[in-house]
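Down below is the structure, laid out as structure tokens.
The values are calculated or read from the model by the stated rules, or taken from the named source; none is laboratory data. Since this is a predicted model, take the numbers as computed values, not measurements. Ideal geometry is used to build each Cβ from the backbone, glycine not excepted, and the neighbour counts take in all protein chains shown.
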Amino acid sequence: MKHKVAFSFADGKTVFFDTSADELLLDAALRNGVNIPLDCREGVCGTCQGRCESGEYTLDYVDEEALSQEDLAQRKILACQTRVKSDASFYFDFDSTLCDGTGTSTLAARVVAAELVSTTTAILRLDASAQPRQFDFLPGQYARVKVPGTDEWRSYSFANHPNARNELQFLIRLLPNGVMSTYLRERCTPGDMIELEAPLGAFYLRQVERPLVMVAGGTGLSAFLGMLDDLSAKRNCVHPVHLYYGVTHAADLCESERIESYKSNIEGFTVETVVTNATPEWSGKTGLTMDHFDRSFLESNGFDMYVCGPPPMVEAIKTWLIEQGIQDYRLYYEKFGESNAK
Ligand code: FES
């Protein structure tokens, strides 16, 4: 039985390959041209050390000088002694350039549609089925997208998860004079070809081992749609997932039905929508997203928090967590600016 494996590196690059039944992870990597640094191949030197971010695995021999009990509890692994038992992702704390054969792919995809999903937001749907194989990325990662007819590239988080049809989605904020926005408003036609470079980024869903708190600012929602699509499809999440979705104006809100639909497939899924500059017609929550965090839950439960949005929002949440004395959490975040508006 084959399992799909992702290796992510400190420089944000990710590479994917398959392992054969009971194959050592190092052998599978080498067979696929991913030359992880190694020395002893016997679980002693620790050179091939990484960390399993998601998935199941077993370890053959691990010398205590190479990994301590604490390291093992943190899911650190030695690639030369690891056998994966499910699809899995691993992180290595060195740049991909140390391993030949890694890196991002460039691909061309055909425009299926650009749909307005709020007054300020579009979903760009692409068809990359001309690719010979499934195009892989980790839910939450992003692509650089070349704006057709220009030499400009913009970065957008995938708004869906990898699939056999190679359908790709991106949630895109429409800016008054943005290069991509102008293309989408004025020239985008089904059948246009778009060049992409992907997958990129270290913001992706790790193994779900405790409650998840997701905080989306504006089109930062895109990364979470990808993660939630993935959790919905796998139906194996046994921890509650709380999504906080903050926007500046109510007119920015989008994909409400899709977000509601996650309640059917992810047990314990909740969503809070918060509008910062609300008009009297808005009857929901207002202010800053973190004003509505369930503080007693955060104080009494260990959790993993993922934040994707504008830099001030991310910084404000980091500060809030420290000031409130919240202790037991892991924080993953991605910031984006307007020119690369995701
Ligand atoms: S190469 Fe030495 S521990 Fe893996």
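Evaluated against (1) basic (Lys, Arg); (2) touching an Asp or Glu at 6+ places or on another chain (Cβ under 9 Å); (3) free of Cβ contacts under 8 Å to residues at least 24 places away in the same chain, Lys263 falls short on exactly one condition, (2). When segment 40-89 is filtered for residues that are out of contact with any Phe, Trp or Tyr (no Cβ under 9 Å at 6 or more places or on another chain), β-branched (Val, Ile, Thr) and within 24 Å of Thr14 (Cβ to Cβ), the ones remaining, listed by number, are Thr47, Thr58. Could you look through segment 42-61, keep only residues that are more than 28 Å from Tyr329 (Cβ to Cβ) and among the polar types (S, T, N, Q), and pick out the one that is nearest to the ligand (Cβ to nearest atom)? Once the filter is applied, the top-ranked residue is Thr47. Of all residues in segment 29-41, those satisfying the criterion of being more than 6 Å from the ligand (Cβ to nearest atom) and either in contact with a Ser or Thr (Cβ under 8 Å, 6 or more places away or on another chain) or of a type outside the set (A, V, I, L, M) (or both) are Arg31, Asn32, Gly33, Val34, Asn35, Pro37.
Out of the residues in segment 142-155 that are among the hydroxyl-bearing types (Ser, Thr, Tyr) and within 25 Å of Ser89 (Cα to Cα), state the one that is surrounded by the fewest Cβ atoms within 10 Å (Cβ to Cβ). Only one residue fits best here, namely Ser155. Any residue in segment 116-141 that is buried (at least 20 other Cβ atoms within 10 Å of the Cβ) sitting within a Cβ distance under 9 Å of a residue that is in a loop (DSSP other than H, G, I, E, B) and β-branched (Val, Ile, Thr)? List the pairs, counting only those 6 or more apart or interchain. That search, which allows pairs on different chains as well, returns Thr120/Thr248. Just so you know, in segment 164-186 the residues that are polar (S, T, N, Q) and at pLDDT 95 or above include one that is nearest to the chain's Cα centre (by Cα), and it is Gln169.
Among the conditions (1) surrounded by 14 or more Cβ atoms within 10 Å (Cβ to Cβ); (2) among the acidic types (Asp, Glu); (3) within 16 Å of the ligand (Cβ to nearest atom), Glu64 misses just one, which is (1).
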